[in-house]
Amino acid sequence: EDQVTQSPEALRLQEGESSSLNCSYTVSGLRGLFWYRQDPGKGPEFLFTLYSAGEEKEKERLKATLTKKESFLHITAPKPEDSATYLCAVQGGSQGNLIFGKGTKLSVKP
Amino acid sequence: GAGVSQTPSNKVTEKGKYVELRCDPISGHTALYWYRQSLGQGPEFLIYFQGTGAADDSGLPNDRFFAVRPEGSVSTLKIQRTERGDSAVYLCASSSPGSSNTGELFFGEGSRLTVL
């Protein structure tokens, strides 16, 4: 069964304090691993797609990396506006749908 | 607007009642997804349409749940004989033919369903 596990569940950082979020996955025939950001009361917003081990993507203070078993979302010098829940999802085999993890709730204090 | 539109934004109903939730996807998006999100959880897949047909309905929890997309655009999620456990935010997402393989889904803000 395809599965996505994210850790930690919650992370509190001071502004400027860099850290990483983890996404561990098991999937039959990974077609893609995806990171989304979700603000309270909103739908998830797409950030990145990673297709194969060793791939990296960057956007502003965020960088996503992928290995055969996990992905990391690195946040460099975060700002309060980076506070949100970050969701990881996988798409496997012949599936069209995405399987999401429970997310990591990030709080960045000024 | 240009985004995915979901109505109603909030729905409170009584146990046993029938509910319809509507999703208006981005124009030109052929794929449409329904997810359900409970508090503190990630989105849980329900059903996926490609055009008018349900390509994958394996996430529907039981036969009280049904979804249609008769003209390949607007979709309605229908829940019969609602139960308290159906309370959640129901999210709709759409994707263009080019983005369905990139995982770039465009989500609406959701319909919050509360069953009393």
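The values are calculated or read from the model by the stated rules, or taken from the named source; none is laboratory data. Predicted, not measured: the structure shown is a model, and the values here were computed from it. So basically every Cβ, Gly included, is an ideal-geometry build from the backbone, and we count neighbours across all protein chains shown. In case anyone asks, the SASA skips ligands and DNA or RNA and just uses the protein heavy atoms, side chains included. Shrake-Rupley method; radii C 1.70, N 1.55, O 1.52, S 1.80 Å.
A:LYS68 meets each of the listed conditions (1) in contact with an Asp or Glu (Cβ under 6 Å, 6 or more places away or on another chain); (2) open to solvent by 20 Å² or more (accessible area, probe 1.4 Å); (3) free of Cβ contacts under 8 Å to residues at least 60 places away in the same chain apart from (1).
Within the bounds of segment A:89-109, is there any residue that is over 16 Å from A:GLY29 (Cβ atoms), among the hydroxyl-bearing types (Ser, Thr, Tyr) and either surrounded by fewer than 20 Cβ atoms within 10 Å (Cβ to Cβ) or in contact (Cβ under 8 Å) with a residue 24 or more places away in the chain (or both)? Scanning segment A:89-109, I find at least one residue that is over 16 Å from A:GLY29 (Cβ atoms), among the hydroxyl-bearing types (Ser, Thr, Tyr) and either surrounded by fewer than 20 Cβ atoms within 10 Å (Cβ to Cβ) or in contact (Cβ under 8 Å) with a residue 24 or more places away in the chain (or both), so the answer is yes. Within segment A:89-110, if we keep just the residues that are among the hydrophobic types (A, V, I, L, M, F, W, C) and within 20 Å of B:TRP34 (Cβ to Cβ), the residue that is nearest to the other protein chains (Cβ to nearest Cβ) turns out to be A:PHE100. Residues in segment A:1-22 that are in contact with a strand residue (DSSP E or B) (Cβ under 6 Å, 6 or more places away or on another chain), of a type outside the set (S, T, N, Q) and within 11 Å of chain B (Cβ to nearest Cβ): A:ASP2, A:VAL4, A:ALA10. Among the residues of segment B:73-109, those that are touching a residue at least 60 places away in the same chain (Cβ under 8 Å) and open to solvent by 10 Å² or more (accessible area, probe 1.4 Å) comprise B:LYS78, B:GLN80, B:ARG81, B:GLU83, B:ARG84, B:SER96, B:PRO97, B:SER100, B:PHE106, B:PHE107, B:GLU109.
Here are B:PHE66, B:PHE49: which of them is open to solvent by 30 Å² or more (accessible area, probe 1.4 Å) and either farther than 17 Å from A:GLY43 by Cα or in a loop (DSSP other than H, G, I, E, B) (or both)?
On the way: B:PHE49 fails: open to solvent by 30 Å² or more (accessible area, probe 1.4 Å).
On inspection, the qualifying residue turns out to be B:PHE66.
Step by step: first the residues of segment B:3-25, then only those that are under 18 Å from B:GLY72 (Cα atoms) and either part of a loop (DSSP other than H, G, I, E, B) or open to solvent by 100 Å² or more (accessible area, probe 1.4 Å) (or both), then the one that is farthest from the other protein chains (Cβ to nearest Cβ). Which residue is that?
From segment B:3-25, those under 18 Å from B:GLY72 (Cα atoms) are B:3-7, B:20-25; that's our starting set.
With either part of a loop (DSSP other than H, G, I, E, B) or open to solvent by 100 Å² or more (accessible area, probe 1.4 Å) (or both) added as a condition, the list becomes B:3-4, B:22, B:25.
Numbers: B:GLY3: 9, B:VAL4: 7, B:ARG22: 15, B:PRO25: 12 Å.
Restricting to residues being under 18 Å from B:GLY72 (Cα atoms) and either part of a loop (DSSP other than H, G, I, E, B) or open to solvent by 100 Å² or more (accessible area, probe 1.4 Å) (or both), the top hit is B:ARG22.
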